[in-house]
Amino acid sequence: MKSNIIAFLLLFAGLFTSAQTKMNAAEIRQFTAKMSAESKKIKTLQANFVQTKKMDFLNKDLVTSGQMALQAPGMLSWKYTKPYQYSVIFKNGKMHINDQGKKSTFDAKSRNFEKLNRLIIGSANGNLLNDPDFNASYYKNAGTNIARFTPKSAQLLKYIKQVDLHFAPNQSVVTQVNMLEASGDTTNIVFKNTKVNAPVPAAAFSL
């Protein structure tokens, strides 16, 4: 079970930019108030994504793509479709995995799985701004607002060093998620064709 947590965390990691300036106190108050209010309105979220992972032992970047869907309060579907098929679905207190036809199910009520579920959902809809398990700082970069999080938990810090959420101007949903692993490996995840509060097909939450 622990190996599955690590494997999924390794799939969900990040890439960072350098031309960033810190928001001042007034900008932080305005940004966090708006994002917190808007994230509460999100009942469903669907998007295509492209993920680019950089690993020290690979000469080429690992590029994957797929679809993400979430439905409040805690249903989440994360499906990789190219170049391989791999799905993780959280629903009804369970985490379901389909690794190219090999299916498995785990109890998602443990502290570790709850943190993982909150991390992924919060990264997609912006609720990570209010997560007590992370320290937050805020930046601007070429018109993009960036919320940066570092885990407080020593257990999470074994895997994740930093999480960046990117918001386009005047948008309340995350356009890009970046994480930095403790190992130094990075991945950039870009969301495209995002739909907010549209009906989610039942098939999105099935393996």
Residue, farthest from the chain's Cα centre (by Cα), within segment 9-49, restricted to residues that are at pLDDT below 50 and either assigned to a loop (DSSP other than H, G, I, E, B) or among the aromatic types (Phe, Trp, Tyr) (or both): Ser18
Filter result for Ser87 (assigned to a strand (DSSP E or B), under 16 Å from Val190 (Cα atoms) and not hydrophobic (A, V, I, L, M, F, W, C)): no
Restricting segment 134-159 to residues that are of a type outside the set (A, V, I, L, M) and either part of a helix (DSSP H, G or I) or modelled with pLDDT under 80 (or both), the residue that is surrounded by the fewest Cβ atoms within 10 Å (Cβ to Cβ): Gly143
Verdict on Thr52 being more than 16 Å from Ile189 (Cα to Cα) and either within 12 Å of the chain's Cα centre (by Cα) or of a type in the set (Ser, Thr, Tyr) (or both): no
Test: Met75 is in contact with a Lys or Arg (Cβ under 8 Å, 6 or more places away or on another chain) and within 21 Å of Asn193 (Cα to Cα): yes
Residue among Val196, Val200, Val163 that is within 17 Å of the chain's Cα centre (by Cα) and buried (at least 18 other Cβ atoms within 10 Å of the Cβ): Val163
Enumeration of residues in segment 163-200 that are aliphatic (A, V, I, L, M) and outside any strand (DSSP E or B): Ala168, Val173, Val174, Ala182, Ala198, Val200
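The values are calculated or read from the model by the stated rules, or taken from the named source; none is laboratory data. Treat the numbers as computed from the prediction; the structure is a model and nothing was measured. FYI the Cβ positions are ideal-geometry reconstructions off the backbone, even for glycines, and counts take in every protein chain you see.
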